[in-house]
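I have placed the structure first, in the form of structure tokens, so that the comments after it can refer back to it.
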Amino acid sequence: MGIFAHFDIDAFYAQVEQRKNPSLKGKPVLVGGNYLRRSVVASASYEARPYGIRAGMPLFMARRLCPNCIIVHPDFKTYQEYSRRFYRLLYSLSPDLEIISQDEAVVDLSRCRVLYPDPILTVRNWRRKIVRELGITVSAGMGSSKLVAKLAASRAKPDGFLYIPREQEEEFLKTFPLEEIPGIGRKTLIILENQGIRSVGALMKTSALGMKNFLGKKGEELVYQVKGLDLSGIIPGEKPKSVSRGYTLEHDITSLEEAKSHLLYLSDSVAMRLRREGAKGGRICLRIRRGDFSEVQKCRSISPPTSDTMTIYRTVYSLAKNIIGGFRIRLLSVEASSLSYTKQPLLFISGEEKIMEAIEKIRRKYGFSSIKFLNEATEEEYGVFVFRTARKLIQFLTSATSSFSDNRSSFR
Ligand SMILES: [Mg+2]
């Protein structure tokens with residue numbers, strides 16, 4: 001029998017902001033994008049929640065509900081640092097760790113029975129240790145499956161720990177509405193409802209193989225999960241499973257022409273994060289939120305996997321070509337998944353990758369926007385960049401030259 005502990009940072013971005021700026025402590029804080037009228041709440045502090053504010057709600061609406069809420073623009077770099085520290089702490093608890101997202105991870109303790117004879121005490125103490133070391137609160141849940149552990153953590157929030165013993169798991173799961181079960185989105189919910197399944201209890205009674213006919217492999221897994229027969233275990237590693245970047249546009253757009261520069265920017269930031277993680281993406285997705293908040297997503301597998309800006313951009317562009325047209329676009333998002341982490345020998349690094357490496361050096365020093373691809377960049381213009389200042393241009397040339405000669409000398 002498995003023993004899974006799920007850890008989830010409470011109101012992640014908002015808490016980091018309160019930690020960074022102690023004058024925000026105890027106050028209702030919303031983290032959201034740059035356009036008050038258009039962005040959504042990325043994270044709301046617990047002080048803001050009694051006003052009915054939830055992540056994903058449009059900022060202007062949140063502002064109406066809570067006029068004295070303090071709006072802070074996101075600082076993704078700092079959030080990433082907190083993420084890394086969070087992963088590291090958990091990794092030292094057990095290497096049987098699966099990263100779910102920036103602020104969520106699950107640990108399999110079943111193989112650590114010798115080390116941790118009392119898992120309940122272990123998780124309780126580790127949660128406190130993480131809270132102490134990060135300076136922000138984290139909730140934890142524990143159960144015999146990943147699903148139960150995750151839902152227990154959600155019930156324990158904020159700053160709590162909840163353990164569900166095996167014999168109470170069925171009853172516990174039945175207390176959740178279907179839409180709160182991870183993996184059940186709007187579409188799946190409709191399909192389930194059409195099958196007369198309106199509760200977790202009803203889903204438990206269906207046959208996994210039967211569900212496969214309606215929802216494919218995902219449906220089969222879903223039934224196994226709620227029945228407590230999830231044998232998938234954890235997917236270990238400190239590495240992310242996907243990398244994405246998206247934002248709400250300042251004004252709605254309608255044409256592919258207008259989307260181009262955004263798609264390039266998003267592709268470039270996804271590519272950069274892939275390179276930083278030492279990863280390549282084998283699947284590229286484009287997600288579009290329409291003016292009426294409905295969404296459409298299209299994906300394409302690419303071979304070989306890549307972390308190259310222009311390859312990602314070209315894939316996203318051709319996906320966009322098939323979708324965009326006839327509706328207003330509010331948000332664009334690009335994602336790379338099916339990540340692989342194989343290191344390639346230096347000998348096979350192409351000229352393009354060397355340029356990417358040089359860009360990376362500049363960005364590490366001067367920030368992401370210090371160097372950009374031309375908005376209208378096409379394949380032929382590849383390698384042409386816009387510089388903010390002459391100083392950075394000189395820096396680029398110096399570091400590019402030195403990085404090329406570094407590589408050359410190692411070929412000998
Ligand atoms: Mg969280």
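Where residues in the stretch 102-133 are crowded, with 18+ Cβ neighbours inside 10 Å and aliphatic (A, V, I, L, M), which of them is farthest from the ligand (Cβ to nearest atom)?
Only one residue tops the list, namely 109.
Taking the criterion of being free of Cβ contacts under 8 Å to residues at least 24 places away in the same chain and under 24 Å from the mean Cα position of the chain (by Cα), would at least one residue in the stretch 158-170 satisfy it? Spell out how you get there, then give the answer.
From the stretch 158-170, those free of Cβ contacts under 8 Å to residues at least 24 places away in the same chain are 160, 162, 164-165, 167-168; that's our starting set.
If we keep only those that are under 24 Å from the mean Cα position of the chain (by Cα) as well, we get 160.
Checking the stretch 158-170: at least one residue is free of Cβ contacts under 8 Å to residues at least 24 places away in the same chain and under 24 Å from the mean Cα position of the chain (by Cα).
Going by what's in this entry, would residue 46 be described as within 16 Å of the ligand (Cβ to nearest atom) and buried (at least 20 other Cβ atoms within 10 Å of the Cβ)?
no
If I go through the stretch 171-197 residue by residue, how many of them are small (Gly, Ala, Ser), at negative phi and more than 25 Å from the chain's Cα centre (by Cα)?
First, the residues of the stretch 171-197 that are small (Gly, Ala, Ser): 183, 185, 196.
From what's left, at negative phi: 185.
Those still in the list that are more than 25 Å from the chain's Cα centre (by Cα) too: none.
Going through the stretch 171-197 one residue at a time, the tally reaches 0.
Among the numbered criteria (1) small (Gly, Ala, Ser); (2) surrounded by 14 or more Cβ atoms within 10 Å (Cβ to Cβ); (3) within 16 Å of the ligand (Cβ to nearest atom), which one does residue 94 miss?
All conditions pass for residue 94, except number (3).
Restricting to the stretch 67-96, what's the tally of residues that are assigned to a helix (DSSP H, G or I) and in contact with a strand residue (DSSP E or B) (Cβ under 8 Å, 6 or more places away or on another chain)? Quick ask: steps written out before the conclusion?
Residues of the stretch 67-96 that are assigned to a helix (DSSP H, G or I), as a first pass: 76-93.
Of the ones still in play, those that are also in contact with a strand residue (DSSP E or B) (Cβ under 8 Å, 6 or more places away or on another chain) are 82, 86-87, 90-91, 93.
Number satisfying all stated conditions: 6.
Could you check the stretch 134-145 and list, in sequence order, the residues that are within 16 Å of the ligand (Cβ to nearest atom) and either outside any loop (DSSP other than H, G, I, E, B) or crowded, with 23+ Cβ neighbours inside 10 Å (or both)?
Correct list: 134, 138, 139, 140, 141.
Answer yes or no as to whether residue 103 is under 18 Å from the mean Cα position of the chain (by Cα) and of a type in the set (D, E, K, R).
It is true that residue 103 is under 18 Å from the mean Cα position of the chain (by Cα) and of a type in the set (D, E, K, R).
Tell me which of these residue 99 doesn't satisfy, since it passes every other one: (1) in a strand (DSSP E or B); (2) within 16 Å of the ligand (Cβ to nearest atom); (3) at pLDDT 95 or above.
(3)
Which pairs do you get when a residue that is over 26 Å from residue 359 (Cβ atoms), found in the stretch 250-277, comes within reach of a residue that is surrounded by fewer than 18 Cβ atoms within 10 Å (Cβ to Cβ), reach meaning Cβ atoms under 6 angstrom, with the pair 6+ apart or on two chains?
252/291; 252/328; 254/328
Among the residues of the stretch 1-38, write down those that are more than 15 Å from the ligand (Cβ to nearest atom), polar (S, T, N, Q) and either more than 22 Å from the chain's Cα centre (by Cα) or crowded, with 24+ Cβ neighbours inside 10 Å (or both).
Matches in the stretch 1-38: 21, 23.
The values are calculated or read from the model by the stated rules, or taken from the named source; none is laboratory data. Remember, it's a predicted structure, so these values are computed and weren't measured experimentally. Note that we place each Cβ from the backbone using ideal geometry, even for glycine, and neighbour counts take in every protein chain shown.
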